[in-house]
Amino acid sequence: MNKWHQIFSRSTGLSAYVWVVFCILPFYFIFRSSSTPEVVSGIVMILLFFVCYRQSFVSKGWLVYFWTSIQILISIAMTLLFSYVYFSIFLAFFIGNIKNKAGFYTLYAIHLISTFITVNYGLVTQNKLFFTQFPFILICLIVVILLPFNTYSQKKQGQLEGQLEDANKRIGELVKLEERQRISRDLHDTLGQKLSLIGLKSDLAGKLVFQDPERAQAEMLEVQQTARTALKEVREMVTQMRGTRLDEEMHRVGQILTAADIELTLAGDPKLANTTLLAENVLSMCLKEAVTNVVKHSGASKCSISILSDENYVAVSVWDDGIGMTLKPGYYRGNGLRGMKERLEFVNGSLELASDKGTMVTFRVPHAVKQPIKGLEA
């Protein structure tokens, strides 16, 4: 709830000192009059304007238009009686804060027409005070024309940004929900069946322990083997969810190539500092897939891995001196290339292939991935 002294919205975007000047200025105009009734009526109108201005900010529904209408009438009266046109700036700002499109355009048109009519009336009647402040009146008219649309656009942009933020949060929640469901399915598929099997075999071994000890022992051995298999699968699943760093994958890649008797040459630093875990995990999986293809299909004796990083992207190139491959339509469908391409597209990355005296696979990902989603890289 706003305090009583907070007459103006906190998001005006204008200096408070400017508004203070506009609050004091009307008293200068009314005290120029020699008539006491005019001075009193002027003070009453000024105070009433600020009360209505405050009420228009805190009211809702039709009351907003009621208080605004009173302000327009007071602005017209102040212009005609005291040549003070600057209340129209207050109105221009407030009208820009109206969210309803029809209400905004209606009040904008009424305010603009009334301001132009009263200003022209003062000029036609050759009011000296109007002519002395004509440059400021001209600026005031420009503000009346432009400020409502500027304020309205800023408010609309703020609403859209808020809606976008809410949508992103909703997407994040849905992703988390889907990830929980995926983990539940994986756990069920990984552990559910094996734990059921362990339970059945344990019951069977318990029944056979006196009747057929050898068979009971064999059943218990199967229980042990099943438990080890389940533990291994759980560890693999947890590792996939945790994600893999590029330098960790590089160590495993080196071991694979050494075992396959393929000479490895590394250029660049596999330790990435400014890359998200999601992007780095995608790079690691693509590197693993590319090296697997080198070992299985290329017949190469040498493999070169190059890691390049700039301000925006990280690029990894894997080259081998093997038999190469034929680049024809549909080549992404085989050798795990389709999976690599899909993973890279998920993080706004790209995949390039070249086959000339061997094969070169280059995959690139941005440092910062929008809406990083931990766990989806598995």
- Query: So how many residues does segment 94-119 have that are surrounded by 14 or more Cβ atoms within 10 Å (Cβ to Cβ), β-branched (Val, Ile, Thr) and part of a helix (DSSP H, G or I)?
  - Reply: 6
- Note on the structure: Residue hits (segment 226-245; open to solvent by 100 Å² or more (accessible area, probe 1.4 Å) and modelled with pLDDT of 70 or more) are ARG228, LYS232
- Return the residue satisfying two criteria in turn: it lies in segment 109-168 and is of a type in the set (Gly, Ala, Ser) and within 17 Å of ILE98 (Cβ to Cβ), and of such residues it is farthest from the chain's Cα centre (by Cα). SER114
- Task: Return only the number of the condition from (1) open to solvent by less than 20 Å² (accessible area, probe 1.4 Å); (2) modelled with pLDDT under 85; (3) over 36 Å from the mean Cα position of the chain (by Cα) that THR359 does not satisfy.
- Result: (2)
- Message: I need the full set of residues from segment 124-152 which are touching a residue at least 24 places away in the same chain (Cβ under 8 Å), over 13 Å from PHE94 (Cα atoms) and not hydrophobic (A, V, I, L, M, F, W, C), in order please.
- Response: ASN127, GLN133
- Task: Taking only segment 74-84 into account, find how many residues are within 12 Å of HIS111 (Cα to Cα) and either under 45 Å from the mean Cα position of the chain (by Cα) or outside any helix (DSSP H, G or I) (or both).
- Result: 2
- Note on the structure: All-but-one check, PHE66 against (1) open to solvent by 40 Å² or more (accessible area, probe 1.4 Å); (2) outside any helix (DSSP H, G or I), failing number (2)
- Message: Looking at the structure I just gave you, is SER202 more than 49 Å from the chain's Cα centre (by Cα) and not β-branched (Val, Ile, Thr)?
- Response: yes
- Message: Which count do you get for residues in segment 120-147 that are in a helix (DSSP H, G or I) and open to solvent by 10 Å² or more (accessible area, probe 1.4 Å)?
- Response: 19
- Among the residues of segment 148-158, write down those that are open to solvent by 70 Å² or more (accessible area, probe 1.4 Å) and under 18 Å from THR115 (Cα atoms). PHE149
- Message: Going through GLY158, GLY192, GLY172, GLY162 one at a time, which residue ends up being within 30 Å of LYS232 (Cβ to Cβ), assigned to a helix (DSSP H, G or I) and not hydrophobic (A, V, I, L, M, F, W, C)?
- Response: GLY192
- State which residue pairs qualify: first residue free of Cβ contacts under 8 Å to residues at least 12 places away in the same chain and among the hydrophobic types (A, V, I, L, M, F, W, C) and inside segment 296-311, second residue assigned to a loop (DSSP other than H, G, I, E, B) and open to solvent by 40 Å² or more (accessible area, probe 1.4 Å) in any location, beta carbons under 7 Å apart, and separation of 6 or more residues or different chains. none
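The values are calculated or read from the model by the stated rules, or taken from the named source; none is laboratory data. Please read all numbers here as calculations on a predicted model, not as lab measurements. A quick note on method: Cβ atoms are made from the backbone with ideal geometry, for glycine too, and the neighbour counts reach across all protein chains shown. Accessible surface is based on the protein model in full, side chains and every heavy atom, while ligands, DNA and RNA are left aside. Shrake-Rupley method; radii C 1.70, N 1.55, O 1.52, S 1.80 Å.
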